[in-house]
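Chemist: Here it is: the structure, laid out below.
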Amino acid sequence: MRAGPARQDVEGAPGPGRRGLRRHGLHVGQNHLLAVLWERDGSTPGEVAAALNVTTPTVVKMAERMTAAGLLTRGRDDRDNRLVRLLLTDAGRALQKPVEAERRSIEEKVTADLTETERASLLNALTKVHQAASELLSEP
């Protein structure tokens, strides 16, 4: 099966999404981890993994790289010393506005040729697909 343009952008071709991430010093996927922490700073790697539907080791590896880049820190939970919490640094928090603006810009560009009705239909369809995928991924 051949990858389409959006898929190529995520997997390695230098598309607009990847260039946007690099412009902010991020690698593919790190923007998603940041988005979880922008909503719930102090989450555990397991909580982030569940929110992103990835494995905890994937989050741990990504967090190590992001810690080295100064975007987050890892600290022990106040009540349960066994738990590690991922905490945004000022640099990690400062990326929220530019990264979200970049995402909106890309969304606007890829949907520029759609009418408002087509955009609404697309959003509705994608919401249903996301819901169904989330339900499948959460099944035991």
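Chemist: If the reach is capped at under 20 angstrom between alpha carbons, list the aspartates and glutamates near Lys97, excluding any in the same chain fewer than eight residues apart.
Modeler: Glu39, Asp41, Glu107, Glu108
Chemist: Now for a separate question. Under a point-charge model restricted to the Cβ atoms of Lys and Arg (+1) and Asp and Glu (-1), what is the dipole moment magnitude of the chain relative to its Cα centre, in debye to the nearest 20?
Modeler: The calculation lands at about 500 debye.
Chemist: Hey, how many Å between the Cα centroid of the range 111-140 and the Cα centroid of the range 63-87?
Modeler: Rounded to whole Å, the Cα centres lie 33 Å apart.
Chemist: What do you get for the angle between helix 30-39 and the principal long axis of the chain? Use alpha-carbon atoms, 0 to 90 degrees, nearest ten.
Modeler: On a 0 to 90 degree scale, this one is about 70.
Chemist: Also: Share of the range 71-124's accessible area from carbon and sulfur, percent, 1.4 Å?
Modeler: 51
Chemist: Which residues' amide hydrogens lie under 5 Å from the amide hydrogen of Leu72, considering only partners 5 or more residues apart or on another chain, with H built in the peptide plane?
Modeler: Thr67, Thr89
Chemist: Can you bin the range 11-91 into rounded, prolate or oblate? Criterion: square roots of the alpha carbon gyration tensor eigenvalues sorted a ≥ b ≥ c, rounded for a/c under 1.5, prolate for a/b above b/c, oblate for the rest.
Modeler: Prolate.
Chemist: Let me ask another. At 1.4 Å probe size, with every protein chain present, just tell me what the per residue accessible area of the chain comes to in Å². Display every interim value, and only then the final one.
Modeler: Values: 9810 Å² over 140 residues.
About 70 Å² of surface per residue is accessible.
Chemist: Against the longest principal axis of the chain, how steep is helix 56-68, in degrees 0 to 90 to the nearest 10, with axes from Cα atoms?
Modeler: Once rounded, one gets 80 degrees.
Chemist: If you don't mind, another one. Which label marks the calculated value of Cα extents along the principal axes in Å, given the options (1) 44, 34, 28; (2) 52, 38, 30; (3) 65, 27, 25?
Modeler: Computing Cα extents along the principal axes in Å and matching it to (1) 44, 34, 28; (2) 52, 38, 30; (3) 65, 27, 25 gives (2).
Chemist: Further question: Helix-only estimate, please: 222 nm mean residue ellipticity of the chain, summing -39500 (n - 2.57) across DSSP H runs of length 4 or more and dividing by its residues, to the nearest 500. List each step's numbers first, then the result.
Modeler: On the way: 8 runs with 89 residues, N = 140.
Per the formula, -19500 deg cm²/dmol.
Chemist: What is the angle, in °, between the Cα long axis of helix 116-138 and the longest principal axis of the Cα atoms in the chain? Nearest 10 is fine, range 0 to 90.
Modeler: The angle comes out near 40 degrees.
The values are calculated or read from the model by the stated rules, or taken from the named source; none is laboratory data. Because the structure is a prediction, the values reported are computed rather than measured. Every residue, glycine among them, receives a Cβ derived from its backbone with ideal geometry; neighbour counts consider all protein chains shown. Ligands, DNA and RNA are excluded from the accessible area calculation, which covers all protein heavy atoms including side chains. Shrake-Rupley method; radii C 1.70, N 1.55, O 1.52, S 1.80 Å.
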